[in-house]
1. Given (1) in a loop (DSSP other than H, G, I, E, B); (2) buried (at least 18 other Cβ atoms within 10 Å of the Cβ), identify the lone condition not met by Arg57.
2. Filter region 178-231 down to residues that are free of Cβ contacts under 8 Å to residues at least 60 places away in the same chain and of a type in the set (Phe, Trp, Tyr) and give me whichever is farthest from Ala32 (Cα to Cα).
3. Looking at (1) at pLDDT below 95; (2) assigned to a loop (DSSP other than H, G, I, E, B); (3) within 20 Å of Leu29 (Cβ to Cβ), which is the only condition Asp188 fails?
4. Taking region 22-34 only, how many residues are aliphatic (A, V, I, L, M) and under 16 Å from Thr7 (Cβ atoms)?
5. Please verify whether region 262-269 includes one or more residues that are buried (at least 20 other Cβ atoms within 10 Å of the Cβ) and either closer than 18 Å to Val288 by Cβ or of a type in the set (Asp, Glu) (or both).
6. Tell me, yes or no, whether region 349-356 has at least one residue that is assigned to a helix (DSSP H, G or I) and either within 27 Å of the chain's Cα centre (by Cα) or modelled with pLDDT of 90 or more (or both).
Amino acid sequence: MTDPKPTTVAIVAADGVLSSAIAGPFDILSSAGYLWQVLNADPASARRFDVTVGARRKGPLRCYQGLTAMADKALKDMPAPDIAFVPTVFLPSLLEEPIGIADTWRPIVSWLAAAYTNGSLVCSNSSGALLLAEAGLLDGRAATIHWTLAERAQRKYPAIRFQPHRVLIPAGPGERIVTAGGGTCWQDLALYLIARFAGSVTAAQTAKSFTIFRKVRGQQPYAEWFPPRKHGDAAVARAQQILHRDFPSADVLSCAVAASRLSPRTFKRRFKAATGQSATDYIQHLRVKEARFRLETTNNSIEEIGARIGYRDVAFFRTLFRRLVGLTPGQYREQFGLLEYPGADPFDSAVEPFDAGAAS
């Protein structure tokens with residue numbers, strides 16, 4: 001019985017690519033069906049994936065943070081692979097409003113569109129989804145992306161349904177488009193590809209070989225809430241200053257309304273217009289932000305933390321926390337607790353003071 005022909009993979013390295021997002025998938029995919037056998041002294045079979053790094057030019061490739069990688073081939077010289085894998089990229093233009101797409105990405109975008117037309121499965125990790133979006137491959141489809149980019153990406157590409165809480169989203173006819181979330185979601189994407197092209201047993205063996213932990217499903221527990229500050233409404237900014245200072249207090253909302261010097265009805269309307277959420281939701285996010293921090297950095301009980309942030313009803317606190325974070329407080333502490341790390345140095349609070357003058 002002969003070994004199956006390996007699945008060809010092109011890791012598509014655009015300017016600003018993260019070196020870990022090249023090397024990690026390269027190592028995992030290249031090891032599928034091989035490393036487990038070596039580690040267990042079994043007869044080694046042929047590698048299941050033939051992985052190549054392609055870029056605009058063959059040769060040295062300057063990655064984000066300055067590390068140099070090597071591109072095996074120029075994309076223009078590569079035929080359509082079985083899988084085109086677009087890793088995480090970062091350039092300062094991604095922080096602009098609207099998101100800026102580098103001119104140097106245009107040839108890569110065109111290559112991706114052609115590869116998909118010629119039968120490739122095209123996938124991305126994190127901000128790599130922006131190149132798929134530019135190629136028009138995600139229009140009318142659901143996609144995931146790094147949670148910090150989701151809102152701005154949605155404004156730039158309204159035809160795409162961004163769902164940043166999800167880790168993996170296969171889409172399109174034959175599910176030949178797959179997007180993965182931020183950070184190390186490339187691990188999930190690599191294992192998905194191994195399971196799809198080499199079988200679930202090989203994927204499980206590869207995960208064990210690399211000791212890949214898969215404790216959290218989805219990006220929601222990682223996503224931080226950042227309060228809007230530059231909205232230009234001085235009255236709302238005065239209210240926010242009070243909310244940030246006194247959020248655990250039972251009467252914080254009435255004090256915030258008083259500080260705004262608006263009628264309750266006008267305050268409700270203006271606050272929602274300026275911040276995008278109701279004042280009650282805003283207070284809940286402030287409190288849960290603080291709870292997350294204390295679960296990470298202290299040994300305080302869940303009941304103590306709930307009471308400290310304004311919730312003496314621990315059942316309500318647990319329910320609210322799970323709704324906003326996606327995990328129970330206990331699960332969150334198990335996943336993100338820092339006290340086991342040397343040098344953990346908790347601060348007084350996770351909620352930063354609000355400067356009303358700067359906001360308005």
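The values are calculated or read from the model by the stated rules, or taken from the named source; none is laboratory data. In this text the structure is predicted, and so the values were computed from the model without any measurement. Positions of Cβ are backbone-derived with ideal geometry, glycine not excepted, and every protein chain shown enters the neighbour counts.
1. (2)
2. Phe226
3. The single condition Asp188 does not satisfy is (2).
4. 3
5. Within region 262-269, not a single residue is buried (at least 20 other Cβ atoms within 10 Å of the Cβ) and either closer than 18 Å to Val288 by Cβ or of a type in the set (Asp, Glu) (or both).
6. no
This table checks each residue for (1) touching a strand residue (DSSP E or B) at 6+ places or on another chain (Cβ under 9 Å); (2) loosely packed, with under 14 Cβ neighbours inside 10 Å.
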| position | (1), (2) |
| --- | --- |
| Gly66 | no, yes |
| Met78 | yes, no |
| Asp82 | yes, no |
| Pro92 | no, yes |
| Leu95 | no, yes |
| Trp105 | yes, no |
| Ser110 | no, no |
| Gly119 | no, yes |
| Asn125 | yes, no |
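Conditions (1) touching a helix residue (DSSP H, G or I) at 6+ places or on another chain (Cβ under 7 Å); (2) surrounded by fewer than 18 Cβ atoms within 10 Å (Cβ to Cβ), marked per residue:
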residue	(1), (2)
His231	yes, yes
Val252	yes, no
Ser260	yes, no
Lys272	no, yes
Tyr282	yes, no
Leu286	yes, no
Thr298	no, yes
